[in-house]
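Right, one structure below, let's go through it.
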Number of protein chains: 2
Amino acid sequence: MFAQDTYPRIDEETLTAHTAAIVQHAGASAEDARTTAEVLVASDIRGIESHGVARLEQYVASIEAGVLDPRAQPEIVRQSAATALIDAHNGLGQVSGVYAMRLAIEKATQADVGIVSLRNGCHYGIAGYYAMMALDHGMIGISLTNSSPLVAPTGGREAMLGTNPIAFAAPSGGPIPFVLDMATSTVPRGRIEVAARKDLPLYAGWSMDEDGRPTLDAQAALKGALLPLGGALESGGYKGYGLATMVEVLCGVLSGSLYGPLIANLWTLERPSVLGQFFMALRPEAFGTLEEFQQRLQDLQRLLKEGQLAMDSPEILVAGEKEARATERNRRDGIPVHPTVVAKLDEMGTRAGVGTVSRRS
Amino acid sequence: MFAQDTYPRIDEETLTAHTAAIVQHAGASAEDARTTAEVLVASDIRGIESHGVARLEQYVASIEAGVLDPRAQPEIVRQSAATALIDAHNGLGQVSGVYAMRLAIEKATQADVGIVSLRNGCHYGIAGYYAMMALDHGMIGISLTNSSPLVAPTGGREAMLGTNPIAFAAPSGGPIPFVLDMATSTVPRGRIEVAARKDLPLYAGWSMDEDGRPTLDAQAALKGALLPLGGALESGGYKGYGLATMVEVLCGVLSGSLYGPLIANLWTLERPSVLGQFFMALRPEAFGTLEEFQQRLQDLQRLLKEGQLAMDSPEILVAGEKEARATERNRRDGIPVHPTVVAKLDEMGTRAGVGTVSRRS
């Protein structure tokens, strides 16, 4: 049994409306609050608790501290047929993210590819949400963001890069769209915190101590930094470090935002994070028919899934499959939300005048 | 002392001309032979022996066996302002690769971004070569290729994906361009072969045995498959698997070539490999001035390099730095080539009528 099975479950629309009411009460327009809520709830639906409504408290705190402007609107600074630069003016990351990805898709509809670079951005939730927006248009979607420094470069011991995720979505036309949505660190910092609370050892490749030595001790890891994907040098950590830096180049450096160690610490209320983000949409139809593309993609997924299993392995999954299953179940049975988070939603909802959030009976 | 320090050294132009003569003798035009030689030698210059002139023997064997057509010319199947699909007609991978990347750069010059998908391709050497072609034009370059199955998906034990590299280059305007050129497996198969020959243990995350269990035993690993970057599931191997599959989607699936386990085994002489490749050029000037982009990129490189060192770490490198140093030294002192490879170059040169290759005195 998964821990989530003991959580209260809340209907998608109930959770979205409740979240939106809280964001609106914090100062956003009804429309922007709804957009923000939809992106957050989409994360919980996909089973990614870490980027869902659990973060709402921190968004509200950021708004109240004046480091996130809930009324700011994204603005196109310059554009061409296939590209655009957007200034998010430190507004809600979900609002500017959806705006930017819509623009990338619109450009790709005309020019076969659309690339939108975004500056002065804030946390935008799961990167996968924006990449997946392309799917309904029969397009490939990509979204990247830089983030607060948590990861040390290979050979170093200071956190200088974010967990800088790569999200890539491709339309399969079948039950499982291909959706890769991964941090370029081995694990998020939350995994270390959970291990520390439960007094569990870490796995190799997760983290280093404050001297920069790989460690399996969660307490030591909390004083150190995360390792990039691949872990130590010998197991390919320099590749994860390279990928995190590539994301940094396409986000902070390309857009003219902050980058690397210049970005503020996670959820600080002292100054805005000034993130850079990258959105891209690509039409497979520029190269052939969508149907043939989808046929090949489904065939690749099938071939991978039908491969011989490793000993003790129950099955081979393809990227996005676990999340597609979670989505199906959570849309049907309600979204599991951690009891502490539900209590917080009740408290914030009461403050916002919409009361407690209805659990599924 | 590195093993390479004991190798004979050959001047860049000498090695390029010798290699080109062999490729031309095998059936390519003088121009195409020169292009092929330049890409191969560029790999050796950058210190990447595995993809350089050491492979020449296999290219020639492929031509002689009729699975690679040295006269075939790449053809544009369809195109728009920002995109193109190329059929490489199973010609020399370096020739079609250079053609495709030039086209991507040309399109980006007009449209700010150029994306070229290539089908019916062959091995094209280091992916980084094509990404780096964008640098001279002040552009970001990306190149991806699928390849023969060597890597098992997470949960599986059969090699079903190639080492599918990601190459990304960005112009810094300084001494070190940012060049990430990485396989999405933890290591190439060559590393396992070397360990087996020298009877050395492997590192964690490199390989699995034939039952799909991670192994440190090189002999067992040779019967198994490579692990994707991240290694086992717990250390993030599913992310490397996801990246390898993403490359597969953008290469084989997008272009209409073969993909995954459908691709022929490495260097087989039985049938063509029918690879798919992806080339992209992006103008930073679509989003701001090139100078400001370069300033930020150099600043990021400096910040990373000046970070606090991990215990026992001599320095922090940025992607492409080691290769930039090798390039400088090898251009000055001559390119180190393994004695066995030099002997082979002599033999092939003699057959091609240009005799042995001149070593540096």
(request) Test residue A:164 against the stated conditions and say whether it is crowded, with 22+ Cβ neighbours inside 10 Å, within 11 Å of chain B (Cβ to nearest Cβ) and in contact with a Cys (Cβ under 8 Å, 6 or more places away or on another chain). (result) no
(request) Report, by residue number, each residue of region B:89-100 that is away from chain A (no Cβ under 14 Å) and small (Gly, Ala, Ser). (result) B:91, B:93, B:96, B:97
(request) Within region A:234-256, track down each residue that is more than 9 Å from every other protein chain (Cβ to nearest Cβ) and more than 19 Å from the chain's Cα centre (by Cα). (result) A:237
(request) State whether one or more residues within region B:56-68 are over 22 Å from residue B:135 (Cα atoms), among the hydrophobic types (A, V, I, L, M, F, W, C), in contact with a Cys (Cβ under 6 Å, 6 or more places away or on another chain) and assigned to a loop (DSSP other than H, G, I, E, B). (result) yes
(request) Looking at (1) crowded, with 24+ Cβ neighbours inside 10 Å; (2) over 18 Å from residue A:88 (Cβ atoms); (3) more than 9 Å from chain B (Cβ to nearest Cβ); (4) not hydroxyl-bearing (Ser, Thr, Tyr), find the lone condition where residue A:150 falls short. (result) (1)
(request) Output the helices (runs of 4 or more DSSP H) that fall wholly within region A:172-265 and possess 2 or more residues being surrounded by fewer than 24 Cβ atoms within 10 Å (Cβ to Cβ), or say none. (result) A:189-198, A:218-223
(request) Name the residue, out of A:196, A:183, that is free of Cβ contacts under 8 Å to residues at least 60 places away in the same chain and at the interface with chain B (Cβ under 9 Å from one of its Cβ atoms). (result) A:183
(request) Among the candidates A:138, A:155, single out the residue that is over 21 Å from the mean Cα position of the chain (by Cα), within 20 Å of residue B:297 (Cα to Cα) and of a type in the set (Gly, Ala, Ser). (result) A:155
(request) Within region B:266-284, track down each residue that is at the interface with chain A (Cβ under 10 Å from one of its Cβ atoms) and either in a helix (DSSP H, G or I) or more than 19 Å from the chain's Cα centre (by Cα) (or both). (result) B:282, B:283, B:284
(request) Name the residue, out of A:193, A:234, A:248, A:210, that is in contact with a strand residue (DSSP E or B) (Cβ under 7 Å, 6 or more places away or on another chain) and charged (D, E, K, R). (result) A:248
(message) Looking only at region B:21-58, count every residue that is among the small types (Gly, Ala, Ser) and within 17 Å of the chain's Cα centre (by Cα) and tell me the total.
(response) 7
(request) Answer yes or no: is there a residue in region B:26-43 that is crowded, with 19+ Cβ neighbours inside 10 Å, out of contact with any Cys (no Cβ under 9 Å at 6 or more places or on another chain) and over 22 Å from residue B:99 (Cα atoms). (result) no
(request) Output the number of residues of region B:331-361 satisfying the condition of being modelled with pLDDT under 95 and buried (at least 22 other Cβ atoms within 10 Å of the Cβ). (result) 0
(request) Tell me, please, whether a residue that is without any contact (Cβ under 8 Å) to a residue 40 or more places away in the chain and farther than 20 Å from residue B:156 by Cβ can be found in region A:307-317. (result) no
(message) Taking the condition of being at pLDDT below 95 and within 7 Å of chain B (Cβ to nearest Cβ), how many residues in region A:295-323 meet it?
(response) 1
(message) Against the condition within 23 Å of residue A:326 (Cα to Cα) and either in contact with a helix residue (DSSP H, G or I) (Cβ under 7 Å, 6 or more places away or on another chain) or within 14 Å of chain B (Cβ to nearest Cβ) (or both), how does residue A:78 come out, does it pass?
(response) no
(message) Here's a check for you: in region B:301-330, which residue that is β-branched (Val, Ile, Thr) and surrounded by 19 or more Cβ atoms within 10 Å (Cβ to Cβ) is farthest from the chain's Cα centre (by Cα)?
(response) B:316
(message) Going by what's in this entry, would residue A:62 be described as surrounded by 17 or more Cβ atoms within 10 Å (Cβ to Cβ), among the hydroxyl-bearing types (Ser, Thr, Tyr) and at pLDDT 95 or above?
(response) yes
(message) Of everything in region A:82-133, what is of a type in the set (Lys, Arg) and either free of Cβ contacts under 8 Å to residues at least 60 places away in the same chain or in a loop (DSSP other than H, G, I, E, B) (or both)? Give them in sequence order.
(response) A:102
(request) Could you check, for region A:324-347, whether at least one of its residues is facing chain B (nearest Cβ under 7 Å) and either on the phi < 0 side of the Ramachandran plot or in a helix (DSSP H, G or I) (or both)? (result) no
(message) Please verify whether residue A:230 is at positive phi and in contact with a Lys or Arg (Cβ under 7 Å, 6 or more places away or on another chain), treating the condition exactly as stated.
(response) yes
(request) Working only within region B:125-163, note down all residues that are of a type outside the set (Gly, Ala, Ser), under 30 Å from residue B:293 (Cβ atoms) and in contact with a Phe, Trp or Tyr (Cβ under 7 Å, 6 or more places away or on another chain). (result) B:130, B:142, B:144, B:145
(message) Taking the conditions exactly as written (in contact with a helix residue (DSSP H, G or I) (Cβ under 8 Å, 6 or more places away or on another chain) and acidic (Asp, Glu)), does residue A:181 satisfy them or not?
(response) yes
(message) Which condition from (1) in the same structural domain as residue A:87 (by TED's automatic domain parsing); (2) farther than 17 Å from residue A:156 by Cα is the one that residue A:291 breaks?
(response) (1)
(message) So residue A:190 passes all but one of these: (1) modelled with pLDDT of 95 or more; (2) in contact with a Ser or Thr (Cβ under 9 Å, 6 or more places away or on another chain). Which condition number does it fail?
(response) (1)
(message) Tell me whether region B:124-141 contains one or more residues that are buried (at least 24 other Cβ atoms within 10 Å of the Cβ) and at the interface with chain A (Cβ under 9 Å from one of its Cβ atoms).
(response) yes
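The values are calculated or read from the model by the stated rules, or taken from the named source; none is laboratory data. This one's a predicted model, so the numbers in the text were calculated from it and none came from an experiment. Backbone-built Cβ (ideal geometry, glycine too); neighbour counts: all protein chains shown.
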